[in-house]
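The values are calculated or read from the model by the stated rules, or taken from the named source; none is laboratory data. Predicted, not measured: the structure shown is a model, and the values here were computed from it. A quick note on method: Cβ atoms are made from the backbone with ideal geometry, for glycine too, and the neighbour counts reach across all protein chains shown.
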Ligand SMILES: Nc1ncnc2c1ncn2[C@@H]1O[C@H](COP(=O)(O)OP(=O)(O)OP(=O)(O)O)[C@@H](O)[C@H]1O
Ligand SMILES: [Mg+2]
């Protein structure tokens, strides 16, 4: 191998190794390989997870775009042969080689090219194929070209493998992070109400500290939204935000969920499990519906707040945790204390900074603000052109008592956008009276109940698919034609 080529080889290898992204490494390998042997085109194919197919992951030259659509079964085509046998192949004229994969060749109208296809191997295992191409069979790859490409391919395969691994870890990491993190910040809280503005101001201040926060408010008033905003504006923002709903989990499971357990702590505890308190280390734990925390766990939780330590079930050692606690409830804790359902000492520990979110009916100026906000979101999502509310609809929104608060308003608007076929939301689209009837305990006929259920169910599914009936039918696992029949029957306008 002459000096000049040797030097070039080392230079390109250094470049390949300096790239970190998977796609960048692939492109760099391909252009470097082509440059080393002055080839006009090339491709990299990698064996997929099933181990049965080769996928074009990078390509240069005239057919580069089309070729990327192809998957080659292992053993098929020149690359397939190389991948299966782990040996280099030099083809003087692709059109004359029986291995050439007709399906791709015909589409690309490739003709009379010369090609070298080299296996990409990691620790002796073939992971893919590097192809370089001269666009005319008049130019051939020399023995020396092939030798240098083989040296290059060995190193390149390692770089590709490493980049692929990084990419996977990165992806897993990102998924994990998004599952543990809070979506909302203070700017997502829509309000013009002075009380809410005051809460936001206090929230911003307390976010900077480690103080425990107690958020009080009726169901659907935005307690979790506020908790997330506080976390996101705190120095812990890059740490986890973990929420646990104390009312949604049975007592025995709740203990394990909160504090975790050691292997063998009880029958069936096959391994160690970390609890949410421990997992929230360095971040924020959101203790939702804290009034539902059973007495036995209140004691344990008090210890977390007082000493910042916890014990896993069946664990001998106390574990230190650095966690910020935000608790929320829609119950009156003073009443719970009087009824002996909530410990007074825990209450004082939680009630360091109380934030009371007023119900929607006590902040009527926010109704149009929030209604417009949700209208914008859902019209965009469902790609409809709706520009506001009719006078009667506005009045209804304003006069309604909103027992379900902002969540109810949000659902009402979502529903109205599904039902609306004009450019304004009308009174009839809101059907709030119906919601009221649904939420009270008045028994209606079985037929009527079925009718309402079906209607709500289908509207919800349409809302979720942005009005797309085919997609909705799929979710509901019914035929598209049956769905459109139901829409007529239940008087739901098809958009
Ligand atoms: N001020 C606001 N601006 C915009 N969206 C809001 C506002 N308040 C609440 N929301 C939205 O209303 C819905 C309900 O809010 P959230 O889940 O935070 O309420 P909650 O008090 O935790 O309810 P629950 O007691 O039922 O758990 C969410 O979709 C939230 O994003
Ligand atoms: Mg909540």
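Taking the stretch 213-255 only, how many residues are crowded, with 18+ Cβ neighbours inside 10 Å and away from ligand 1 (no atom under 16 Å from the Cβ)?
Total meeting the criteria: 6.
For residues that are out of contact with any helix residue (DSSP H, G or I) (no Cβ under 7 Å at 6 or more places or on another chain) and not in a helix (DSSP H, G or I), scanning just the stretch 363-384, find the one that is farthest from residue 416 (Cα to Cα).
365
Could you check, for the stretch 339-356, whether at least one of its residues is over 20 Å from residue 213 (Cβ atoms), in contact with a helix residue (DSSP H, G or I) (Cβ under 9 Å, 6 or more places away or on another chain) and more than 16 Å from ligand 1 (Cβ to nearest atom)?
Yes, the stretch 339-356 has at least one match.
Over 42 Å from the mean Cα position of the chain (by Cα), surrounded by 13 or more Cβ atoms within 10 Å (Cβ to Cβ), outside any loop (DSSP other than H, G, I, E, B) and at pLDDT 80 or above: which single residue out of 127, 90, 82 fits that description?
Every option except 90 fails the conditions.
For the stretch 390-446, list the helices (runs of 4 or more DSSP H) that sit wholly inside it and hold at least 2 residues that are within 16 Å of ligand 2 (Cβ to nearest atom) and at pLDDT 90 or above; which are they?
Correct list: 405-419.
Kindly provide the set of residues from the stretch 324-335 that are in contact with a helix residue (DSSP H, G or I) (Cβ under 6 Å, 6 or more places away or on another chain) and modelled with pLDDT of 95 or more, ordered by number.
Passing the criteria: 326, 327, 328, 329.
In contact (Cβ under 8 Å) with a residue 60 or more places away in the chain, outside any helix (DSSP H, G or I) and closer than 15 Å to residue 134 by Cα: which single residue out of 33, 39, 59 fits that description?
So the residue among 33, 39, 59 that is in contact (Cβ under 8 Å) with a residue 60 or more places away in the chain, outside any helix (DSSP H, G or I) and closer than 15 Å to residue 134 by Cα is 39.
Exactly one condition in (1) over 20 Å from residue 294 (Cα atoms); (2) more than 16 Å from ligand 2 (Cβ to nearest atom); (3) outside any loop (DSSP other than H, G, I, E, B) is not met by residue 231; state its number.
(2)
Are any residues in the stretch 178-206 under 20 Å from residue 279 (Cα atoms), away from ligand 1 (no atom under 14 Å from the Cβ) and either over 25 Å from the mean Cα position of the chain (by Cα) or without any contact (Cβ under 8 Å) to a residue 60 or more places away in the chain (or both), and if so, which ones?
Passing the criteria: 178, 179.
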